[in-house]
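One structure is given here, and the rest of the page talks about it.
The values are calculated or read from the model by the stated rules, or taken from the named source; none is laboratory data. Bear in mind the structure is a predicted one, so any value in this text is a computation, not a measurement. All Cβ positions, even for glycine, are placed from backbone atoms using ideal geometry, and neighbour counts span all protein chains on display.
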Amino acid sequence: MKKNNFFIFLSFLFATTGVIAQSDSSEIEKDYKVVQRVRYVNPTYEYIPLRQNYITNVALGLEYNNESFKGLGPNSWDSLDQLNNSSGFDFYFLFSALPKSMISNWGNINWGLGMGFNQFSNGDLHNVALNTTREDSAYTHVKNNAVHLYSMLRYEFQLGRFYPYLGMQGGVSFYNSNQYTETYVPITDYEAFGSVDLHNSVAGYLSTEIGLRVRLNTAISMYVSYIDKRGSDLEVVDVYNSTFNGLSFDGVIRDVKHNTNQWKIGFLFDLSTNKYEKRIIKEGYYDTSIVVQPLNQPCPPCPCEEGDESEDRGSSIYKGSGTSPSRSGNSPATISPKSFPGVKPSTPSKPKS
């Protein structure tokens, strides 16, 4: 008997617990909703610049050059060192002459524009008196320099990291000689230095070039080349044999053929490496999250609507429109006595018969 009572008690307890849990779950379901959100996360990539075989857009070249005149006999000049082993530098821009679709494994053709400087030579120093009273002195000498403006055409082909090339150049050389004077110490009455032109000469030339370029990395190459240059007649001032007459130099002009050879070594910076390889680092994926949101939450009143209602209420009081300031405009207006302290509402009187 006792066992039966115990089982009856347990059954009642489980039934009561189930009803309470069911009522709680139903209350939760009434007050909240479960929302599943799915969001796609894009993959992550890295971009690696690609090494290009040839110059496909534009490149900048900076180089050192060493030039010597050839064909000068041993008796033509007393001082041949002025024109031999003359150091200088060049810079140029190189462009692709072919569209990218035509550049193949057979090589590429480039063209460019450049500017070079060399043939820097200085004559012996001579003292000059700037002021005989104070014995201010300076020194003067003859200086030579040459400027070259040229265009170029180059064909190159690839052998692994190496790019042998053949080229042609055509341009104009400007040779300038001037007398350069400078004071030994700064003097306030005179300029620190000055120069006067002695002689200028211009010569055109054509040249052939053979060289080898080695690509060091994606954008930088190193190269060496040999140039054989042939041009028209040129007049050059002999800086070592020109005489000084106490005021200016009597320049000795030499006629030479503008036939030289040059050795060049430099670096080429490829500015057209704008292609990249796209590599994926992390795959894209779908991010799923579950959010529990409350239901039937009253929305906060809109400030603009509150302002409109207050204005409508005021207008209905003073205008006596008798209409409610509600949005529909159809319900009758009701004014609460609580809005006017001390004023009691009046009861409607019956009409007299």
Taking F269 as meeting all but one of (1) at pLDDT 80 or above; (2) loosely packed, with under 13 Cβ neighbours inside 10 Å; (3) not acidic (D, E), write down the number of the exception.
-> (2)
Yes or no: L212 surrounded by 14 or more Cβ atoms within 10 Å (Cβ to Cβ), in contact (Cβ under 8 Å) with a residue 12 or more places away in the chain and over 30 Å from L60 (Cα atoms)?
-> no
Pick from segment 90-113 the residues that are more than 27 Å from the chain's Cα centre (by Cα) and not aliphatic (A, V, I, L, M): which of them is nearest to L268 (Cα to Cα)?
-> G107
